[in-house]
Amino acid sequence: MSQTTAAAAPFGLAGDDGERRRALFQETAAQRLQRIALGTAWALKPPRSRSLPGLARLWLVDVVDPADGLPDPDRTVNPFGTCGIVHDPGVETLLAGYREGLFPFAHFGPLKWVSPAERCILVLDELHIAKRLRRQMRQGRYTVTFDRDFEGVITSCAGRREGRWHLTWITPRIMRLYGDMFDAGHVHSFEVWNEAGALVGGGYGVAVGGAFFTESQFSHEANTSKIGFTVLHWHLAQWGFRLDDGKWPTPTILDMGFRSVPRAEFRARVAEAAALPGKPGRWTVETDLKTVAAWQPGGEDAKGKKEPAND
């Protein structure tokens with residue numbers, strides 16, 4: 001952990017815990033070679049290959065004249081949304097990037113700043129909770145926690161997915177960066193535990209003021225990430241957050257009410273939300289699953305009175 005991070009990290013790890021994390025966020029030489037090979041194949045597959053010439057030009061320009069500070073999020077060099085190289089991947093730099101609508105990404109090589117033309121966001125009162133998910137939450141088979149097992153969550157998010165090649169942008173370097181942000185109180189995890197006490201679902205993201213940026217989720221049992229995600233959104237709404245950024249659309253988040261907006265609208269929404277107080281410090285769950293299952297997003301008055309659940 002850097003001196004800068006340690007000074008700003010009231011929740012930082014120390015001693016054996018720090019060693020455990022460093023040992024956990026590692027990969028073998030064979031795993032690294034596999035990641036590079038699969039990352040190369042991913043980049044060469046059409047239509048993503050159209051992004052390579054712009055990325056090459058950006059890299060060459062940066063080698064000759066490295067740019068200081070954050071890039072302009074509106075000046076991207078390819079369809080993927082790449083707009084710069086991350087030179088100082090520290091906590092404060094990453095937070096500044098998120099405030100501008102940027103995020104870091106790379107399967108290998110230097111981290112790049114990315115600003116897609118569209119972002120898939122959730123305005124919290126537009127969350128959709130499916131009937132089957134409400135029923136599952138009322139069954140009492142799962143428990144949800146916040147910030148209890150960040151290391152377990154991020155390693156599970158980076159783990160293998162059934163039926164897919166094992167390619168992830170959540171590299172050991174990314175794990176350490178977001179671990180530093182977690183220690184500083186800016187990254188939060190949600191965990192879903194089954195009746196046997198096993199971690200079976202979860203996810204993590206970055207909080208900046210009243211904006212949340214979801215980074216990744218995983219499920220080892222049906223709908224467990226959705227259960228945790230719904231509990232998270234109940235709390236974000238109660239705490240005065242304005243939006244959750246899911247980056248790119250996926251079937252899971254589209255089913256929950258996320259929608260794509262242009263970059264300009266996204267940046268305006270983030271600027272407004274990031275200026276809010278947010279929720280500093282470690283997070284804890286403040287309600288039970290039955291209460292969340294009865295929640296009607298957008299159907300509560302200012303005093304928080306719930307309308308009957310008839311979804």
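Here are the numbers for this structure:
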read-out	value
Residues with amide H under 5 Å from that of D147, placed H, sequence gap 5 or more	S189, F190, E191
Estimated 222 nm signal from helices in the chain, with DSSP H stretches of n ≥ 4 weighted -39500 (n - 2.57), rounded to 500	-11000 deg cm²/dmol
Set of aspartates and glutamates with alpha-carbon distance to K279 below 16 Å, sequence-local pairs under 8 removed	D147, D183, D244
Length added when fully stretched, H220-L24, from 0.36 nm per residue minus Cα-Cα	68.6 nm
Per-residue SASA entry for W59, accessible area with 1.4 Å probe, Å² rounded to 10	140 Å²
Span-like helix ranges in the chain, DSSP H, alpha carbon extent 20 angstrom or more, Kyte mean at least -1.0	29-44, 224-238
Accessible surface of R22 - all protein chains present, 1.4 Å probe, nearest 10 Å²	110 Å²
Dimensions in Å of the chain - Rg and Dmax from alpha carbons	19.5, 62
Hull shadow area, averaged, region 75-199 [alpha-carbon convex hull, nm²]	10.3 nm²
Accessible area per residue, Å², the chain with all protein chains present, probe 1.4 Å	49 Å²
Residues with amide H under 5 Å from that of G278, placed H, sequence gap 5 or more	G210
Largest-first ordering by accessible area, 1.4 Å probe, given options T214, T93	T93, T214
Within the chain, longest stretch free of exposed GluC sites (Glu not before Pro) [DSSP loop, at most 15 other beta carbons within 10 Å]	28-161
Shape box of region 164-311 [Cα atoms, principal axes, largest first, Å]	44, 43, 31
Amide H contacts under 5 Å for I170, placed H, 5+ residues apart	none
Accessible carbon and sulfur surface of region 119-193 relative to its total accessible area, %, 1.4 Å	44 percent
K131 accessible area, 1.4 Å probe, all protein chains in place, Å² to nearest 10	110 Å²
Extension gain (nm, one decimal) between R132 and F108, 0.36 nm per residue minus Cα-Cα	4.7 nm
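The values are calculated or read from the model by the stated rules, or taken from the named source; none is laboratory data. What you see is a predicted model, and the numbers here were worked out from it, not measured in a lab. Heads up, the Cβs are rebuilt from the backbone with ideal geometry, glycines too, and the neighbour counts pull from every protein chain shown. Ligands, DNA and RNA are excluded from the accessible area calculation, which covers all protein heavy atoms including side chains. Shrake-Rupley method; radii C 1.70, N 1.55, O 1.52, S 1.80 Å.
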